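Structure, as structure tokens:
The values are calculated or read from the model by the stated rules, or taken from the named source; none is laboratory data. Keep in mind the model is a prediction, meaning the values are calculated, not measured. Remember, those area values only see protein heavy atoms, side chains included, never the ligands or the DNA or RNA. Shrake-Rupley method; radii C 1.70, N 1.55, O 1.52, S 1.80 Å.
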Amino acid sequence: MSPKFLPQVTSLTHHFTVQLSATRRGARLARLLAERQLDDWGRPFEGATHVVAELASNAVLHGRVPGRDFRLRLKLHSDGTLRIEVTDARGDRIPQVRDTGGGDAESGRGLLIVAAYADRWGVDEAPANCKTVWAELAPDRGES
């Protein structure tokens, strides 16, 4: 193939993926690793660390299957959009935004926090009966 037919790469995307134990310690480590990775990329997204913390916590609390881990993936696109993905082992438990009533509930606000920081978020089916909860943050919304 001649050089004039080689595809041109026009957008550079940074990737980070780590598999962590589905424990409170694993969820905390997900947040710390995300902070460090984003700092290494020169993109200190304050909102992103809150989103990672909520999605990782949900994976541990609601998506845990004994003996199975969860995965954190960060993708920084050339336009500055950050995509956060957390994959857990419970594809049968789809997250839902709850009405917290009067606001006195001690839990149930995690997805409201995700929605507040993210421009878009959703849930995708993943292999092996798993699910991936994702959120995308534009650079103007996610930066501190």
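Accessible surface ranking for 35, 85, 125, 46, 1.4 angstrom probe, highest first: 125, 46, 35, 85. With every protein chain in place and a 1.4 angstrom probe, the accessible-area ranking of 84, 94, largest first, reads 94, 84.
Rolling a 1.4 Å probe across all protein chains gives residue 90 an accessible area of roughly 60 Å². Given a 1.4 Å probe and the protein chains as shown, residue 77 ends up with an accessible area of around 70 Å².
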